[in-house]
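Colleague: One structure is given below, represented as structure tokens, and several questions about it will come after.
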Amino acid sequence: MRIEIDNIIFSDDSREVLENPNSFIFVATKLNERFVDEVEKSGVKIITPLELKSYFKKMPKIIGITGTNGKTTTACCIYSILLSLGFKSALLGTRGFFINDKQILPKGLTTPTLLELYNDIKIALDYDCDYFVMEVSSHAIAQNRIEGLDFALKILTNITADHLDFHKNIEEYERVKNSFFSDESVKLINKDSTNARFNVINTWTYGIENSANLTPSAYSLKDSISGHIIWNDFKNKIREEGIFSSTLVGKYNLYNILASIAAVKILNPNIEIQSIAAALDDFGGVEGRMQVVWSNPLVIVDFAHTADSMKNIFEAFLGQKTKVLFGAGGDRDKTKRPKMGEIANIFTNKIYLTSDNPRSEKKEQIIDDILVGIKNKDKVVVEADRAKAIALALSELKNDEILLILGKGDETYQIIGEEKIPFSDKIEVENFYKS
């Protein structure tokens, strides 16, 4: 990857630099550190990401959101509120790269490589963006892909088990997530996340169950979300109140809403909390996140792919007749599979087990791993072909039932072996009912 600033070209690719040593400055990162000695011998100038930042004449206010669940919705909600309030803003994350409601780049990594990230920031500056809202993955923290950046605000949504194929155990995963909040930069922490560890200096909080800077004094989760919120700046003895409403559903989305409102308030203390809450009206949610793809009967597509995120979805439909269709990713954390099965068994009336990006693993083996956690096998239907499973589930769905299709969200492919095959849960549902 290369980036050009004021006619100076920077690269993190040692091959490119060694071929034309007089044309580049080499940016040393954790991912290319094994090539630094070879580049140094060639006489090429080498700089760190911190030094790269000094070549920027200015930087936008960077908002970084990390957490197991809620990163995408919270990032998109903050971005939407900022735009509604008149700020020029960029959004970088799972869904791609956007500036002022225009998509600049398609989906990629949740957090791109370091030089790609700096290049995205440069593009945002070309658009005179005030804010740069980004999702920060645990992989990016561990691999120093955010090295050198100064965050105007860091946000923690929650920490539950995920990506243990990479981090090996939950303790290491928690350590990596929490390391993002160990400095004295401005932070916003979910007060109800019991395993959050952070430097208390410059820390703000939000929560539902515990006292925090932003809390709801009353709220409703019936069909949508609405409530009355209280903002307390304890240090400056400032208290504000506001009323909000949203088309989103579920308690977990209430957390995402609170994080978004609090974030904008922290960065803009002179804007009244009610004005920020009112701007929430323009946010309609995120494609592939609790997305209603058919209304009668109700069919919902969501990205949930861990036991905790699935539980959040199920709790939004307590007392209703729910069916679920899901699988688990191949070549990824196997320990979560029986836990996903267990939570589906507790909350739903019927379970359709199928494939979800099996990669190099056998679909049937992944399904067997999920089945270990399901006590009541009578409620399970196994169909490894995801398209056939969706068609079967829809054909059996009654008007008073809800079908939750989980795991892939707005993904437009299935990864089988090393091949990406075009596939969309949303399109499968639409085609079923059209035919």
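Colleague: Quick one: how many residues across the stretch 31-69 are closer than 30 Å to residue 266 by Cβ and either surrounded by fewer than 19 Cβ atoms within 10 Å (Cβ to Cβ) or hydroxyl-bearing (Ser, Thr, Tyr) (or both)?
Modeller: Counting residues in the stretch 31-69 that are closer than 30 Å to residue 266 by Cβ and either surrounded by fewer than 19 Cβ atoms within 10 Å (Cβ to Cβ) or hydroxyl-bearing (Ser, Thr, Tyr) (or both) gives 13.
Colleague: Let me ask something else. Restricting to the stretch 79-106, and then to whatever is within 21 Å of residue 158 (Cβ to Cβ) and assigned to a strand (DSSP E or B), can you tell me which residue is modelled with the lowest pLDDT?
Modeller: Restricting to residues being within 21 Å of residue 158 (Cβ to Cβ) and assigned to a strand (DSSP E or B), the top hit is 93.
Colleague: Of everything in the stretch 64-78 that's of a type in the set (A, V, I, L, M, F, W, C) and in a helix (DSSP H, G or I), which residue is farthest from residue 191 (Cα to Cα)?
Modeller: Applying the filter and picking the extreme gives 76.
Colleague: Go through the stretch 9-20 and count every residue that is modelled with pLDDT of 90 or more, surrounded by fewer than 12 Cβ atoms within 10 Å (Cβ to Cβ) and either among the aromatic types (Phe, Trp, Tyr) or not in a helix (DSSP H, G or I) (or both).
Modeller: Residues meeting the conditions: 0.
Colleague: Could you grab me the full set of residues in the stretch 21-61 that are in a helix (DSSP H, G or I) and in contact with a strand residue (DSSP E or B) (Cβ under 8 Å, 6 or more places away or on another chain)?
Modeller: At the first step, the residues of the stretch 21-61 found to be in a helix (DSSP H, G or I) are 33-41, 49-53.
Matches in the stretch 21-61: 36, 39, 40, 49, 52.
Colleague: Okay, moving on. What is the number of the single condition among (1) in contact (Cβ under 8 Å) with a residue 60 or more places away in the chain; (2) buried (at least 22 other Cβ atoms within 10 Å of the Cβ); (3) not aliphatic (A, V, I, L, M) that residue 398 does not meet?
Modeller: The one condition residue 398 does not meet is (2).
Colleague: Sticking with this one: If you go through the stretch 109-121 one residue at a time, do you hit one that is buried (at least 22 other Cβ atoms within 10 Å of the Cβ), among the aliphatic types (A, V, I, L, M), free of Cβ contacts under 8 Å to residues at least 40 places away in the same chain and not assigned by TED's automatic domain parsing to the domain that holds residue 9?
Modeller: Taking every residue of the stretch 109-121 in turn, at least one turns out to be buried (at least 22 other Cβ atoms within 10 Å of the Cβ), among the aliphatic types (A, V, I, L, M), free of Cβ contacts under 8 Å to residues at least 40 places away in the same chain and not assigned by TED's automatic domain parsing to the domain that holds residue 9.
Colleague: Is there any pair with a first residue in the stretch 341-368 that is not assigned by TED's automatic domain parsing to the domain that holds residue 325 and assigned to a loop (DSSP other than H, G, I, E, B) and a second that is crowded, with 18+ Cβ neighbours inside 10 Å and hydrophobic (A, V, I, L, M, F, W, C) whose Cβ atoms are under 7 Å apart and which are 6 or more apart or on different chains, and what are they?
Modeller: none
Colleague: Also: Name the pairs: first residue in the stretch 226-247 and touching a residue at least 40 places away in the same chain (Cβ under 8 Å), second residue β-branched (Val, Ile, Thr), Cβ to Cβ under 6 Å, at least 6 apart or on different chains?
Modeller: Qualifying pairs under 6 Å: 231/273.
Colleague: Out of everything in the stretch 136-192 that is modelled with pLDDT of 90 or more and among the aromatic types (Phe, Trp, Tyr), what residue ends up being surrounded by the most Cβ atoms within 10 Å (Cβ to Cβ)?
Modeller: 180
Colleague: Within the stretch 20-37, which residues are under 37 Å from the mean Cα position of the chain (by Cα) and of a type outside the set (S, T, N, Q)?
Modeller: Listed by number, the residues that qualify are 24, 25, 26, 27, 28, 30, 31, 33, 34, 35, 36, 37.
Colleague: Of everything in the stretch 259-318, what is part of a loop (DSSP other than H, G, I, E, B), aliphatic (A, V, I, L, M), over 18 Å from the mean Cα position of the chain (by Cα) and in the same structural domain as residue 406 (by TED's automatic domain parsing)? Give them in sequence order.
Modeller: Those that are part of a loop (DSSP other than H, G, I, E, B), aliphatic (A, V, I, L, M), over 18 Å from the mean Cα position of the chain (by Cα) and in the same structural domain as residue 406 (by TED's automatic domain parsing): 316, 318.
Colleague: Test residue 398 against the criterion of being farther than 18 Å from residue 366 by Cα and of a type in the set (Lys, Arg), and give yes or no.
Modeller: yes
Colleague: When residue 287 is evaluated against the numbered criteria (1) without any contact (Cβ under 8 Å) to a residue 40 or more places away in the chain; (2) out of contact with any Leu (no Cβ under 8 Å at 6 or more places or on another chain); (3) under 29 Å from residue 335 (Cα atoms); (4) not aliphatic (A, V, I, L, M), which criterion, by number, is the only one it fails?
Modeller: (1)
The values are calculated or read from the model by the stated rules, or taken from the named source; none is laboratory data. Small disclaimer: the values here were computed from a predicted structure and weren't measured. As a convention, Cβ positions derive from the backbone with ideal geometry for all residues, glycine included, and neighbour counts pool all protein chains shown.
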